[in-house]
Amino acid sequence: AKFPLTPTLGRVLVEAARPERDCLLDVIDIISALSVENVFLNLVTEERKEEAEEARRELYRREGDHMTLLVTVQRYAEETSDRKAWCIRHFVSHRAMQNVMNVRKQLRQQCQQLKLLAPGDEQDASNPSEERTNNILACMLRGFVANTARMMPDGSYKTLNGNQLVAIHPGSVLFGRKVEAIVFNEFVFTGKAWARGVSAVQLDWVAEVIDSIL
């Protein structure tokens, strides 16, 4: 309740602070990026879209949008010479990233005040290991367990809560990919139900979280 976040994002943050998860700084970066308007520029022409895909390839992560946001925030934070030029190169909104940095600073300070984070705690900015990645995704699941869907035999996705048909948004890193289950942070309805902010997860992880809640 003390965080200036939705209950779902607050739950993700609290989970990340648990010693066995040990990924609070990573999750703060992801939540900071989710708290502002889209950090990736929306491009209209196919040519520009292809150019952007190529430029962002080093940022994209096969696990999906949340890990991609984490890498984007980390790379931006590491950039010490010219952040604006970095954003132009990667088709990223500089204004959005400045807002991300402000939210990030605020959340870090609040976590320190609540003794979830020690002042000297530093982030490992190398690409997250598989174990750390799994911990981060497990935290996302804790908050967004109601926003999970499994792949059906025909390749479509149906939510575990309500059995509703949902498709991965074209703006997602996972668009066009087939994975056994997904967790996402928002529904968008434009003609059909789209899942935005999507990560690939294992079905047994989802079942584990549901069992622990019930």
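The values are calculated or read from the model by the stated rules, or taken from the named source; none is laboratory data. Keep in mind that this is a model prediction, so the values were computed, not measured. SASA here: full protein model, heavy atoms, side chains in, ligands and nucleic acids out. Shrake-Rupley method; radii C 1.70, N 1.55, O 1.52, S 1.80 Å.
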Projected onto their principal axes, the Cα atoms of region 89-209 stretch, largest extent first, over whole-Å spans of 50, 36, 25
Filtered hits (lysines, Cα-Cα < 21 Å from LYS2, offset >= 8 within chain) -> LYS105, LYS115
So the pair-distance distribution of the chain, from every Cα-Cα distance in 10 Å bins, comes to percents of 8, 34, 37, 18, 3, 0
Measure of exposure for ILE210: accessible area at 1.4 Å probe, Å² rounded to 10, is 50 Å²
Rounded to the nearest Å, the spacing of the alpha-carbon centers of region 142-214 and region 82-135 is 25 Å
Measure of exposure for GLU51: accessible area at 1.4 Å probe, Å² rounded to 10, is 80 Å²
For region 24-169, the per residue accessible area (1.4 Å probe, Å²) is 52 Å²
Counting only residues 5 or more apart in sequence or on a different chain, those whose built amide H sits under 5 Å from that of ALA193 are ALA167
Residue-normalised 222 nm signal for the chain, counting each DSSP H run of n ≥ 4 as -39,500 (n - 2.57), nearest 500 deg cm²/dmol, is -14500 deg cm²/dmol
